[in-house]
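No value in this document is a laboratory result; all are computed from the given coordinates. Keep in mind that what you see is a predicted model, and the values were worked out from it rather than measured. Ideal geometry is used to build each Cβ from the backbone, glycine not excepted, and the neighbour counts take in all protein chains shown.
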Ligand SMILES: [Zn+2]
């Protein structure tokens, strides 16, 4: 029952988190550590029901498949790790966890404020004027240094794209391949993860990247540095895009861990879940 009370306290704190300030964060932690140890009676049971009801609704609204939903619920039942890991994902910059897909655009003509030019270093760049948000640029440097130690040299080939650039790019693909084909591999302006300034396309930007030393290295190790494969093989029906072995989004180590641990490494599922969780009462 103690663990369940912890879960319930966290659940309540999670729903209030957006309204809380920094001081609230300390309160949340003390709640997570079992401030309400006496709550072993009826109240705890009701809160437990509220938490699992919200969890079930978020999983359902996020269209998480039944088998995966059951495993998430089982994990949440086992102890406080699931809710604590979820809260950790929700502490940072909201754009790191923001759902950006074919039906969830960025704010109108969104442009990140902290873009900086990539200069290479532990990684290579294929041209000048590649840009990322500051946190992602730092994380790329850290990951690339680790890859280098293992003999993999990462090459950044594409990164931030403005709304206007994506508009040109998408229009060109539609002209060349037709709209139906273009929609399978290119985002419409306003709907591209690249516009977040948190995404890197690595290497050759084609399927051969998966078989390279760098491609294998990032797939195995990227999440430890906060990088998550956005469009995995066999998930076009879920992500809306064909497999892109080269396209990684920086989500931060906490969310990357959460994606791997509870959602089989499928970023789209985890982001859909978090989106529904944050938007439900
Ligand atoms: Zn890409």
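Report the gain in length on full extension from residue 85 to residue 205: 0.36 nm times residue separation, minus Cα-Cα distance, nm rounded to one decimal.
40.0 nm
Under 1.5 on a/c is rounded, so check that first for the range 212-281, then, if it is not, pick prolate when a/b is larger than b/c and oblate when it is not; a ≥ b ≥ c are the square roots of the alpha carbon gyration tensor eigenvalues. Write out the running numbers ahead of the final one.
Details: a/c = 2.57, a/b = 1.41, b/c = 1.82.
Oblate, because a/c is 1.5 or more while a/b does not exceed b/c.
Relative contact order of the range 212-281, please, whole-number percent, based on alpha carbon pairs below 8 angstrom and at least 6 residues apart.
Working: 84 pairs, mean separation 20.3, N = 70.
Worked out over the range 212-281, it gives 29 percent.
Between residue 168 and residue 242, what is the spin-label point distance in nm, taking each point 7 Å from the Cα along the Cα→C-beta axis?
Here the answer is 2.4 nm between the modelled labels.
Per residue, how much space in cubic angstrom lies within the convex hull of the C-alpha atoms of the range 125-172?
Output value, Cα hull per residue: 87 Å³.
What nm distance separates the two modelled labels at residue 177 and residue 279, each placed 7 Å from Cα along Cα→Cβ?
Those two pseudo-labels are separated by 2.8 nm.
Starting from 0.36 nm per residue, how many nanometres of slack lie between residue 134 and residue 46 once their C-alpha separation is accounted for? Before the final figure, lay out each step's value.
Details: separation 88, 0.36 × 88 = 31.68 nm, distance 4.37 nm.
Answer, rounded to one decimal: 27.3 nm.
If each of residue 61 and residue 117 carries a label point 7 Å out from its Cα toward its Cβ, how far apart are those two points in nm?
4.4
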